[in-house]
Amino acid sequence: MTIPYRGTARVPGPLGVLSNGGSGHTPGPIGTLWQKKTPQNPPNQVKASGKRTVMPGPANDNTGKNVHAITWPLYGSKKTPIHTDVKQSPHLANCPVASILAALAFTQNGRTLLQAMVSETQTATITDVSGLDADALASPPAGGQVTSARYFTVKLPGGTREVSDVLYTTDHDKGWSPIYMTDPHEGAIWSAVIEKALAVQLGSYEQFDASNLSANDFWEKLVGKKPGGFAITKDTDLNQILKTAKAATGTATIGASKDSGTDTRIITEFHGFAVLGVESGKVKLYDPAKTKTFSITAQEFRQNFQAILFQN
C-alpha cells in the first residue's frame, strides 16, 4: 500500500494535501532580511581544525529564524527514545517522518533501531552556515559559522550523515526555541538530529515538502526497507484493523487519515498518526503535531483513515 503524493502544498505533511498556495507551508511572520555585518572572530571561536559540518537549508516558510547550538541531551531521563519525545513542527510538512519516528520509539525493536542509528561524539565542532541564502537568517552569525561541543553520526540506509547540534530556532533575542522537530517535554534531541540528517540527505528542509516523497518512501529512508500495510475502505474488516492495531505494541505502525471527509473534531485530515495498540477495545493513537494521545473505535478508524503502514 503506497500513500501517494498529491499536489505541491501539504499541511501538515506528505500524508495530507491542503492547498495553501505558493510555498506549500503555513504562512508566518516574515523575518528580518540578512543584516550586513563585518566578519569578526566571536568569543570561543573554534579553530579550523575542529570537526566541520554543513547546515542544510531551511524550509521556504516565510518564518523569521536564526541558528543556535542546542545543548539538550540525546535522550531524556529514560535514556532511550520515547514516542512522546516527537513533536512535528507546524512549519514543516513532514508528518510521515514524525509519525514513523514516534511509532518506532513506541516499540522495543524500533528503539533498538533508533539507538543504533544515532551516536554522539564530544569534540569541538564548527557548523558552516555561509552557504545559506542571504535572507535565510534574521541575524546570521559572525564569520558564517556556529561553534558547539559535539556532533552526531546518523546511519541512514541511504548513507551515513554527520550533523551538529546546531538547529534552526525562532527569531528571538531571548527564549528562542527550535522551529522544526522538537521534544515538548524533556528536551531530548534525537528526533531533531535524525530529521536534520534526513534534510542533509534530501538537500534541505524544504525538500521534505518539495521532493514529492510518499510515507512509504520516508519509511524506506529511515528503516531500510518498504513497509507492509493495506488500504482502508468502507468494506475493511474491523477485526483486521483491531488485529493490526494490537500488533503495534511490538511492530511500529502508523495510520494515514483521509484527505477529506474526516471528523476533524478528532482527526486531522491527510495526516500521519503513530498507532499505539488497543485499549478498552479502541485503537490508541498518537498525533505528533498536537502531541496528543487518544483512542477511537475501529469503526471510527475505518471512517477516517485511508491506510495502515507497519514495519516488515
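The values are calculated or read from the model by the stated rules, or taken from the named source; none is laboratory data. Given the structure is predicted, the values throughout are model-derived calculations rather than measurements. Don't worry about glycine lacking a Cβ; one is built from the backbone with ideal geometry, like all the others, and counts go over all protein chains shown.
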Between L222, L242, which is closer than 25 Å to P157 by Cα and not in a loop (DSSP other than H, G, I, E, B)? L222
Selected residue (criterion: surrounded by the most Cβ atoms within 10 Å (Cβ to Cβ)) from residues of the stretch 80-99 that are in a helix (DSSP H, G or I) and within 9 Å of the chain's Cα centre (by Cα): S99
Restricting to the stretch 259-312, give me the number of residues that are in contact with a Cys (Cβ under 6 Å, 6 or more places away or on another chain) and surrounded by fewer than 19 Cβ atoms within 10 Å (Cβ to Cβ). 0
Right, T253: assigned by TED's automatic domain parsing to the domain that holds V275 and at pLDDT below 95 or not? no
For I82, are the conditions met, namely being within 29 Å of K226 (Cβ to Cβ) and not assigned by TED's automatic domain parsing to the domain that holds K221? yes
Unique residue being among the polar types (S, T, N, Q) and touching a residue at least 60 places away in the same chain (Cβ under 8 Å) when the list is S257, S211: S257
Is it the case, given these coordinates, that G76 is at pLDDT 95 or above and under 30 Å from A124 (Cβ atoms)? yes
Quick check: anything in the stretch 154-165 assigned to a loop (DSSP other than H, G, I, E, B), surrounded by 24 or more Cβ atoms within 10 Å (Cβ to Cβ) and in contact (Cβ under 8 Å) with a residue 60 or more places away in the chain? yes
Yes/no for V200 being under 16 Å from the mean Cα position of the chain (by Cα) and either free of Cβ contacts under 8 Å to residues at least 60 places away in the same chain or assigned to a helix (DSSP H, G or I) (or both): yes
Can you find even one residue in the stretch 121-138 that is touching a residue at least 24 places away in the same chain (Cβ under 8 Å), closer than 30 Å to K246 by Cα and not in a helix (DSSP H, G or I)? no
Among (1) assigned to a loop (DSSP other than H, G, I, E, B); (2) among the polar types (S, T, N, Q); (3) within 22 Å of A116 (Cα to Cα), where does N216 come up short? (1)
Within the stretch 112-138, take every residue that is among the hydroxyl-bearing types (S, T, Y) and out of contact with any Gly (no Cβ under 9 Å at 6 or more places or on another chain) and give me the one that is nearest to L202 (Cα to Cα). T127
Hits in the stretch 260-292 - residues which are within 19 Å of P96 (Cα to Cα), in contact (Cβ under 8 Å) with a residue 40 or more places away in the chain and not hydrophobic (A, V, I, L, M, F, W, C): T262, T268, E269, H271, G272, Y286, P288, T291
